[in-house]
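Submitted below is the structure of interest, expressed as structure tokens.
No value in this document is a laboratory result; all are computed from the given coordinates. The structure presented is a predicted model; accordingly, all values stated were derived computationally and were not measured. For neighbour counting, all protein chains shown are included, and Cβ atoms are generated from backbone atoms with ideal geometry for every residue, glycine included.
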């Protein structure tokens, strides 16, 4: 009972988000996206426990309208991070854990999806999705070539998988205190601020000239994205396996990111 009382806000937000995702896209989507988000945040949480960094359980953010029914989930770290290895492991664990559920969701969901023409009835609710390279690759394997004039109508599980890749890409932006920012700082130390500035300028350029839907997120990055608190020990570097994994995480960002995630025009 004490545990329930201490974490009642987390529990209420989890249940509410399960409901809003169900309300927006049904039970299959809700189950899949909740699993992806929970595994992502628990990846961070488990690593925080490993390195004795005080942190909260995940706080889910419910949103009672499409397309996602949620703004994701976050944990709050309250303690100091001991060294760069801990910082790297905490930052990388979330995206990797989320991917364990997002990739099967994409593959299973695509196998359940329908390929057909967009009718006038469909056009009322049509929402085109930008396809990151990883999603395109998996779609090519599972669905094959889509004939001209047809489109893939995603099963709710596939949409949850797509959303999982979307969340992975956003978190892996090499900026500030995002997961990608943790990884870059662990790799480069204080020199990472150069990467943050380049990343923020590039993202703002996309928001201004290419996809205005990013504008709010770009403004948040301008406010919070330039700096990263240093770990207690800045001198202990990463070993070779972590450096290689860091390169893999940057590649993962590239193959999961799409500059225009949502499109309203007809195909």
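To the nearest 10 degrees, how steeply does helix 133-142 sit against the main Cα axis of the chain, on a 0 to 90 scale?
The answer is roughly 50 degrees.
Still on this model: Starting from one equal scatterer on each C-alpha and no solvent at all, send me the Debye-based log10 I(q)/I(0) for the range 1-46 at q = 0.23, 0.25 Å⁻¹, two decimals.
Per q value, in the given order, log10 I(q)/I(0) is -0.85, -0.91.
Spin-label point model (7 Å from Cα, Cβ direction): what's the residue 263 to residue 63 distance in nm?
2.1
Could you list 151, 233, 89 in order of exposure, starting from the residue whose Cβ has the fewest other Cβ atoms within 10 Å? Intermediate values should be presented prior to the final figure.
Numbers: 151 18, 233 14, 89 23.
With the sparsest Cβ surroundings first, the list reads 233, 151, 89.
In addition: Return the distance in nm (one decimal) between the two label points of a simple spin-label model at residue 107 and residue 223, each offset 7 Å from Cα along Cα→Cβ.
Between residue 107 and residue 223, the simple spin-label model gives 4.1 nm.
Counting only DSSP beta bridges with both residues in the chain, what percent are antiparallel, rounded to the nearest 5? Don't skip to the answer; put the middle values down first.
Working: 9 of 10 bridges.
In the chain, approximately 90 percent of DSSP beta bridges are antiparallel ones.
Quick check: Cα centre of the range 173-205 to Cα centre of the range 1-76, how many Å?
26
Along each principal axis of its Cα atoms, how long is the range 25-95 end to end? Whole angstroms, biggest number first, please.
Principal extents (largest minus smallest coordinate, Cα): 42, 18, 14 Å.
Starting from the 7 Å offset along Cα-to-Cβ, what nm value, one decimal, do you get for the label separation of residue 133 and residue 50?
Taking the simple label geometry, residue 133 and residue 50 are separated by 2.7 nm.
Would you mind checking the radius of gyration and Dmax of the range 1-139 based on alpha-carbon positions, in Å?
Radius of gyration, then largest Cα-Cα span, for the range 1-139: 17.8, 58 Å.
Take the Cα of residue 236, step 7 Å along the line toward its Cβ, and report every residue of the range 52-85 whose backbone nitrogen sits under 13 Å from that point.
Output list for this probe position: 52-53, 81-85.
List residues of the range 154-184, by number, whose backbone nitrogen lies under 16 Å from a label position 7 Å along Cα→C-beta of residue 146.
The answer is 154-163, whose backbone nitrogens lie closer than 16 Å to the label point.
Something else about it: Averaging over all projection directions, find the projected area of the Cα convex hull of the chain and quote it in nm² with one decimal place. Spell out each step's value before the answer.
Details: hull surface 60.3 nm².
With the hull built on Cα positions only, its mean projection is 15.1 nm².
What angle, in degrees between 0 and 90 and rounded to the nearest 10, separates the Cα long axis of helix 8-50 from the longest principal axis of the Cα atoms of the chain?
For 8-50 against the chain, the angle is about 20 degrees.
Mean projection of the alpha-carbon convex hull of the range 75-229 over all orientations, in nm²? Mind dumping the intermediate values first?
Numbers: hull surface 44.0 nm².
Mean projected area of the Cα convex hull: 11.0 nm².
On a 0 to 90° scale, report how tilted helix 156-171 is relative to the longest principal axis of the chain, with both axes built from alpha carbons and the result rounded to the nearest 10.
So the helix axis and the longest Cα principal axis differ by about 30 degrees.
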